[in-house]
Structure formats: C-alpha cells, structure tokens
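The values are calculated or read from the model by the stated rules, or taken from the named source; none is laboratory data. Everything quoted here is computed from the prediction, not taken from an experiment. Here the Cβ positions follow ideal geometry from the backbone for every residue, glycine too, while neighbour counts run over all protein chains shown.
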Amino acid sequence: MASTTNLLEIKDLSIKFTTESGWLTAVDHLNLDIKKGEKLGLVGESGSGKSVTAMTIMGLLGKRRDIAIQGQIMLEGEDLLRMKQDKIEKIRGRKMSMIFQDPVESLNPVFRIGNLVAEAFMVQEKTDKKIAWERAIEQLNKVRIRDPKATARQFPHELSGGMCQRVMIALALVANPPLLIADEPTTDLDVTIQAQILALLKKLHQDLGTSVILITHDLGVVCQFCDRIAVMLNGRIVELATADSLFTNPSHPYTRGLLNSIPVLGKKGRLEPMPSIHNQEARGENICRFVHRCAISTDRCCSAAPGLREVLPNHYVACFSH
Ligand SMILES: Nc1ncnc2c1ncn2[C@@H]1O[C@H](COP(=O)(O)OP(=O)(O)OP(=O)(O)O)[C@@H](O)[C@H]1O
Ligand SMILES: [Mg+2]
C-alpha cells in the first residue's frame, strides 16, 4: 500500500541530446513524484522519453557534453542530478535499482548465476565468499527459481529469458532498495512468462514495500499492476491518474488513441507512434505536443503548451479541451 510520503520527486526535468540536426529535446519540463510503496506506470509510444527518464534517475547517462540535463531529481530528499558520480554509484543498488528489457544480454555471460548474485552480496554486505554464496541461493529462492542450488551453478545462456529476468530481479533487490525501475521487463517474454514475472514483482512489492516504476507499452499490464499511470508524449506527461480513473475516463485525445490501439488479448504488440495528421512532430516547441495529430485541436493549441490540470480528483490532463 502506498503511503502519502514521496520517495522520488522529479522537478522540471529537461533532457536534450545533440544530434546532427541540432538539439533534440527527449524530456521536456517533466514533473512527477512517486510515493513510498507506490507502483507507478510510465506509458507512451516509442520515443516518448520513458527510458531516457529512467536512465537519468539511475545516473546512467553520465555527465557528457552532448547531453544537457536540467531540473531536480530528489530521492529521499537528495538531488541525484547534483550528486557526484561516485556517490551515485554507491547508492545505485542500495537505494535504487533497474531491470531492463533484455535480461539475457544484461547478465555477464562468463559468470555462473550463483557467482553473479554472490558477488553482489559481497559488495553490498561485505560478506565472505561462502556466506555470500548461501545468501545468493536464498535470493534465488526468493524470486521463485526452482532448484536454486542447481541454477546457481549454471551460466546465463543455459537459462530461459524468464529465468534470466528472475535473476535480474534477484540482483536488483540484493540490497532491498526502496525504488525499483523496471523498463519493459516482460516485453521479450511470452504471455505466460510475462504474467509470472509480473506476479513475482507484485509479491516482492507487497513483501518488501518497494516502490516500482513500471515502464511498458502494454496498457493492459499497467492497468493490472499499477496504482497510478503517467502517460508520456514527446517528452511530456499529458495525463496522470489512478489506474482506475485513467481507464474509466481517459481524457487526453492521445490517451484515448493509445487505449484504442491496445493489441488484441494474448497478441503482443508495441505502441507504435500514432500517425500525424500534418506529418510534423511537435517537440520542444511551445505548442501542444499532440496538435498535429489531434482531431479536436483549435488555434489555441498552436499558440501555447497546455499544462497539467486536475479535471477529476487526482486525475490530471494537459489539454485545452478540458
Ligand atoms: N543517446 C542518445 N542520443 C540521441 N538521442 C537519443 C539518445 N537516447 C535517446 N535518444 C532520443 O530520445 C528520445 C526518447 O528516447 P527513449 O529511449 O527514452 O524513448 P522510449 O519512450 O523509451 O521509447 P521505446 O518505447 O521505444 O523504448 C528518442 O527520440 C530517442 O531517439
Ligand atoms: Mg525505452
């Protein structure tokens, strides 16, 4: 159950990349908070800025001259954007962890599963090899890996994608961090395994009280898993609501479009960008991000960018039509 206290507060976050054609605004004045113990869904079509936001929270973009990051990301009161890289590396794993779409690729292929997890315990808990190995077996058991002792002796390539994702979750939760970011953790898995991984995340969330940011293309998944959902479009949040309210009253034309494009049950699909009416992209400009694709836009939508407004209790929409 989510408390009312915020664990993470993202304030006015903008992220720009230099490209051959100039600056590309990937994230544009984004404001978002995650409460302690909350499960928050971040959805949006491809390229909307979900992964870049997650990587920035985790400090994985580093400090580079071709990337400009502005704003604040407060984790338990400390601004991650103003933290030295060595401190970020220390709190990565302890206070926040991330799992990715491709678990097989993410695991170091030359180490046995047990060594990978034991190594994490040795770093976090400063334990010796023998105790770390025992802790690793317990951890593999926690993520419901059948026969953890035998699995610990295997290499990543000997495991299925679903098993590798369980190992990734085990690694991410070694230090029981208060925040877990899962970036499309089930996208490459088949539907049954997807359901098992989500059930595992739900169980661990209940047992450990971890706050979870779930990034996914699958609106069915966020609906079942999350307490609140943020819908992203071209680097901005255009709708933010509880899962119930969003599905009962989707209010932004973009959200309605996404809901209409939910793939048929059991069939996997990504949220492909919706076609533009005028074949233009509204990114980084002071206009509505959806104006070129919106059937109900007016002149006003071309002269200013609508901010989020509360249209129902705890349901915010960035659209002038509300
Ligand atoms: N290193 C980079 N250099 C330049 N542009 C980048 C870089 N990384 C991401 N981008 C751009 O930033 C935008 C947002 O990318 P991001 O990966 O966050 O999208 P996403 O919402 O996660 O999409 P998907 O659903 O396909 O994973 C895209 O236009 C992308 O091309
Ligand atoms: Mg992504």
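Test Leu24 against the criterion of being away from ligand 2 (no atom under 14 Å from the Cβ), touching a Gly at 6+ places or on another chain (Cβ under 9 Å), aliphatic (A, V, I, L, M) and at pLDDT below 95, and give yes or no. So Leu24 passes the test. Given the condition modelled with pLDDT of 95 or more and outside any helix (DSSP H, G or I), answer yes or no: does some residue in segment 116-126 qualify? So far as segment 116-126 goes, no, none of its residues is modelled with pLDDT of 95 or more and outside any helix (DSSP H, G or I). Whether any residue in segment 152-166 is of a type in the set (A, V, I, L, M), within 17 Å of the chain's Cα centre (by Cα) and not in a loop (DSSP other than H, G, I, E, B) is what I want to check. The answer is no, given that none of the residues of segment 152-166 is of a type in the set (A, V, I, L, M), within 17 Å of the chain's Cα centre (by Cα) and not in a loop (DSSP other than H, G, I, E, B). Count of segment 308-321 residues, restricted to those that are surrounded by 14 or more Cβ atoms within 10 Å (Cβ to Cβ) and touching a strand residue (DSSP E or B) at 6+ places or on another chain (Cβ under 9 Å), is 8.
Among the conditions (1) over 15 Å from the mean Cα position of the chain (by Cα); (2) within 16 Å of ligand 2 (Cβ to nearest atom), Lys203 misses just one, which is (2).
For every residue, the table says whether it meets (1) closer than 24 Å to Ser51 by Cβ; (2) not assigned by TED's automatic domain parsing to the domain that holds Ala243; (3) not acidic (Asp, Glu).
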residue: Lys130; (1), (2), (3): no, yes, yes
residue: Gln154; (1), (2), (3): no, yes, yes
residue: Val167; (1), (2), (3): yes, yes, yes
residue: Leu204; (1), (2), (3): yes, no, yes
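Whether any residue in segment 189-200 is more than 16 Å from ligand 2 (Cβ to nearest atom), surrounded by fewer than 21 Cβ atoms within 10 Å (Cβ to Cβ), outside the structural domain of Gly220 (by TED's automatic domain parsing) and assigned to a helix (DSSP H, G or I) is what I want to check. Looking through segment 189-200, none of the residues is more than 16 Å from ligand 2 (Cβ to nearest atom), surrounded by fewer than 21 Cβ atoms within 10 Å (Cβ to Cβ), outside the structural domain of Gly220 (by TED's automatic domain parsing) and assigned to a helix (DSSP H, G or I).
When segment 103-125 is examined, which residues are found to be in contact (Cβ under 8 Å) with a residue 60 or more places away in the chain and either buried (at least 17 other Cβ atoms within 10 Å of the Cβ) or touching a Cys at 6+ places or on another chain (Cβ under 6 Å) (or both)? Answer for segment 103-125, where residues must be in contact (Cβ under 8 Å) with a residue 60 or more places away in the chain and either buried (at least 17 other Cβ atoms within 10 Å of the Cβ) or touching a Cys at 6+ places or on another chain (Cβ under 6 Å) (or both): Pro103, Val104, Leu107. If I filter segment 24-35 for residues that are more than 15 Å from ligand 1 (Cβ to nearest atom), among the basic types (Lys, Arg) and under 30 Å from Ala152 (Cα atoms), do I get at least one hit? No, segment 24-35 contains no residue that is more than 15 Å from ligand 1 (Cβ to nearest atom), among the basic types (Lys, Arg) and under 30 Å from Ala152 (Cα atoms).
Only a single criterion out of (1) within 17 Å of the chain's Cα centre (by Cα); (2) at pLDDT 90 or above; (3) surrounded by fewer than 22 Cβ atoms within 10 Å (Cβ to Cβ); (4) of a type outside the set (A, V, I, L, M) is not satisfied by Asn176, namely (1).
Among Leu61, Leu8, Leu13, which is within 16 Å of ligand 1 (Cβ to nearest atom), within 19 Å of Ile181 (Cα to Cα) and at pLDDT 95 or above? Answer to the selection: Leu13.
Just wondering, is there one or more residues in segment 132-152 that are without any contact (Cβ under 8 Å) to a residue 60 or more places away in the chain and hydroxyl-bearing (Ser, Thr, Tyr)?
yes
Among the conditions (1) touching a residue at least 12 places away in the same chain (Cβ under 8 Å); (2) on the phi < 0 side of the Ramachandran plot; (3) not charged (D, E, K, R), Gly71 misses just one, which is (2).
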